[in-house]
Amino acid sequence: MIRRTYILISILLFPILILAYFYLPDQSILLTLLIILIIVGWYDVFQKKNAILRDYPIVGHARYMLKAIAPELQQYFIETNTSGHPFTKNEINLINSRSDNKEEFHPFGSELDFYKNDVSWVGHSMIPGKESKTQPRVLIGNSNCNKPYNSSILNISAMSFGALSAHAIIALNKGAKLGGFYHNTGEGSLTPFHQQGGDIVLQIGTGNFGFRNDDGSFNDQKFTEKTALPEVKMVEVKLSQGAKPGHGGVLPAAKNTNEIAKIRGVQPHTDVFSPPLNPEISSIEDIPKFIGRVRKLSHGKPVGFKLCIGVKSEFEQLIDYCVSQGNIPDFITVDASEGGTGAAPLEYSDHIGMKGEDALVFVDQVLKEKGVRTEIKIIYAGKVMNGFTLLKALCLGADLCNSARGFMFSLGCIQSLRCHTDTCPTGIATQDKALQEGLDPTVKSNRVYNYHKNTIDAFLEIMKTVGCNDISELNNELIHK
């Protein structure tokens, strides 16, 4: 009905507007706009790709205009302080306050409904612990390691250059240097932007980017050269990623610049796919073999692997092979299925892989049962962003934690959910040079440092409140729901 009405009105109106354009020159701008609208409407009527625009010419575009800004409308005008996802306004505001070294008190009590929400809590002791003036550290490296690393309990999780901008990577690494914590390169490999003085965990992704042969296989020599650098403190072999375990990843052609392609060893301006599994691995038994190979090339530095837990029996089998081969990793990074900065198919984000806290408890239990818990440190890469979530992870079995989105917020992320489009408005998740100019690495590195320091301080305050004097005293009996 609207389509037919538009056709009739436009046929009658168009010649009138053309005549008016020539006889009313003072109204030419308005008349030009009206003529353009009619032409757009005619295009809508006769195109066949979009039924809404075909049935509702011109006005149908309003739907798509509103849809384009729906995340902003949702975030700014609809969400409450506690209803946002993946992070609430309260959580984001807390991170921003700590990044800016501002007062972080919340007025008028909790906004959570303790009886509807699944709220975790810890009991406070009548006799608080002693105040700690130094940040706790964790030594990573078992009997197979010649150069153990003394790590912070909170570090920057894997985020690649390519997924993140050069300015973002520089800011993160400078912040890591200021705070004395490490920065995981992600599967995009080590770049000059990572080399700002901060400690590095070099990740071997499933695509072997940065140390690959033309066929995608692992190049020992290229890897050895990179891991020999003094800033590289540990090596992490990525088996799977929380947001999309068993799926692999993709760097869109729009983000695959000449610079990124050269670093990764791929063709520029093409979609670059990470396979679900490293080509050096064809069975579970091959994983500890590859760990052993990497260890020999890593100059005695700690070597571990990262995974999202899927089939439980496979993980148990993996640890058995590690023990039988004598290739026990120095650490295991447990990724949460609900976490991850990388874009992924919705089914994978929502339904594939074990929830982070369940996976953490499971891995801790298996390592104890196999008798290797004292040799392997557990790094938790779930949704850790404040003092309580950090303490909770350590209580459930982690020795230390990685955070990705927490540090992205410290850079200025506004949760616009455009990470995969190369149009990130904050200059963090984009290769657009103009957008990157808005992110000053020096200013943001101080925010990264402040966020880390103040989060650790909050953790220590809570640890004292529950009556513990050292992280070794934390245990899962402290956590209640």
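The values are calculated or read from the model by the stated rules, or taken from the named source; none is laboratory data. Given the structure is predicted, the values throughout are model-derived calculations rather than measurements. Ideal geometry is used to build each Cβ from the backbone, glycine not excepted, and the neighbour counts take in all protein chains shown. These accessible areas exclude ligands, DNA and RNA; they are computed on the full protein's heavy atoms, side chains included. Shrake-Rupley method; radii C 1.70, N 1.55, O 1.52, S 1.80 Å.
Structure notes:
- What you get for the range 82-181, charging only the Cβ of Lys and Arg (+1) and of Asp and Glu (-1), is a dipole of about 560 debye around the Cα centre.
- The order of M159, M126 by accessible area, most exposed first and with a 1.4 Å probe, is M126, M159.
- Angle in degrees between helix 286-297 and the longest Cα principal axis of the chain, rounded to the nearest 10: 80
- Estimated [θ] at 222 nm from DSSP helical runs (n ≥ 4, -39500 (n - 2.57)) normalised by residues in the chain, nearest 500: -12000 deg cm²/dmol
- Counting protein heavy atoms only, the range 4-155 has 65 percent of its accessible area on carbon and sulfur, 1.4 angstrom probe.
- Per-peptide average of other Cβ atoms within 10 Å, ordering 182-190, 449-457, 387-395, 275-283 highest first: 182-190, 387-395, 449-457, 275-283
- Non-local Lys pairs in the range 52-203, i.e. 8 or more apart or on different chains, that have alpha carbons under 24 Å apart: 10
- Carbon and sulfur %, accessible surface of the range 340-481 computed with the full protein complex present, 1.4 Å: 50
- Each of T5, V201, A176 was placed along the dipole of the chain (beta-carbon charges, centred on the mean Cα), and the one lying farthest toward the positive end is T5.
- Solvent exposure ordering (accessible area, 1.4 Å, most first) of E316, E369: E369, E316
- Solvent-accessible surface ranking, highest first, for W121, W42 at 1.4 angstrom: W121, W42
- Most to least packed among 284-293, 61-70 [average Cβ atoms within 10 Å]: 284-293, 61-70
- Probe 1.4 Å - accessible area at T423, Å² to nearest ten: 70
- In Å², nearest 10: area of D271 left accessible to a 1.4 Å probe: 90
- Across the chain, the mean sequence separation of Cα contacts (distance under 8 Å, 6 or more residues apart), normalised by length, yields a relative contact order of 19 percent.
- A dipole drawn for the chain from +1 and -1 charges on Cβ atoms has a positive end, and of S313, L411, S97 the residue lying farthest that way is L411.
- Atom-type composition of the exposed protein surface of the range 159-247 places 48 percent of the accessible area on carbon and sulfur (1.4 angstrom probe).
- Alpha-carbon gyration tensor eigenvalues x 5, square-rooted, for the range 391-481, Å: 35, 15, 9
- Average accessible area per residue (Å²) across the chain - probe 1.4 Å, nucleic acids and ligands excluded: 49
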